[in-house]
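Participant: I am attaching a structure below and will ask some questions about it afterwards.
The values are calculated or read from the model by the stated rules, or taken from the named source; none is laboratory data. It should be emphasised that the depicted structure is a prediction, and the values quoted were computed from it without experimental measurement. Glycine gets a Cβ as well: all are built from the backbone with ideal geometry, and neighbour counts include every protein chain shown. With ligands, DNA and RNA removed, areas are computed over all heavy atoms of the protein, side chains included. Shrake-Rupley method; radii C 1.70, N 1.55, O 1.52, S 1.80 Å.
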Amino acid sequence: MADFDWTQTRVVFIAGSYTNYQKDAIDNPNLPIELYEARKTENGYLTLLQIMNNSENSRFANKVSALSSQPKVISKAADVDQVSDLKPYTEEMFLDKATANICDLYDELKAAILLWDSEFEIKPTKVYIGLRIKHHNVVDLLPQKSQLKIWINLSKGELNDPNNLLRDVSSIGHWGNGDYEVIIKDDTQIEYILSLIKQAWEKYRH
């Protein structure tokens, strides 16, 4: 299970009704859950109404005719936009929110890493962009508006960081893989950071 990307997981609950306490749970960004209320219509269809964030009124997410003798799916164009998780994650989703300087910094770092090995693949997720090899994330990058957050996928004690540049995040919550994090706003330390990332690449490329 080490190769499984747990950031993509989501728990969907379907019930006849929910308490206000349960509905409030979807406002917590740390709980990747969705709530749907199930209703059976007179014509034999099962209707799922998604409970939206911020105490919004329930609306149709989709209508599935699971109880019909002739199954079919009915959907509204307005509902399609709500199912954002069906859209593939892309680098542009992150870079569109970053300044030109941070985009350049991201491109510079990514280009240098990709030169090391032709087997590298870029894997954007909901919360970061992973650079992986042989199904292992080597480094995870998160371009933000005015900074670039980096996680190196090595466990505590595995990284040789003589300058003590990276922060140990082994005991705190963080999005990326590994126990080491650094935030940069320019390229003054980029060569040194690349040398640290290369340690993770050496681990996973074999």
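Participant: Pick from segment 147-206 the residues that are farther than 19 Å from residue 124 by Cα and of a type in the set (Asp, Glu): which of them is surrounded by the fewest Cβ atoms within 10 Å (Cβ to Cβ)?
Facilitator: 191
Participant: Would you pick out the residues in segment 97-123 that are of a type outside the set (Ser, Thr, Tyr), open to solvent by less than 60 Å² (accessible area, probe 1.4 Å) and farther than 21 Å from residue 135 by Cβ?
Facilitator: Hits for segment 97-123 are 98, 102, 103, 105, 109, 111, 112.
Participant: Oh, and also: So is residue 172 of a type in the set (Val, Ile, Thr) and at pLDDT below 95 or not?
Facilitator: Yes.
Participant: Quick test for you: out of 131, 141, 165, pick the one residue that is farther than 23 Å from residue 91 by Cα, hydrophobic (A, V, I, L, M, F, W, C) and outside any helix (DSSP H, G or I).
Facilitator: Unique residue meeting the criteria: 165.
Participant: Of the residues in segment 176-206, how many are closer than 12 Å to residue 139 by Cα and part of a loop (DSSP other than H, G, I, E, B)?
Facilitator: 4
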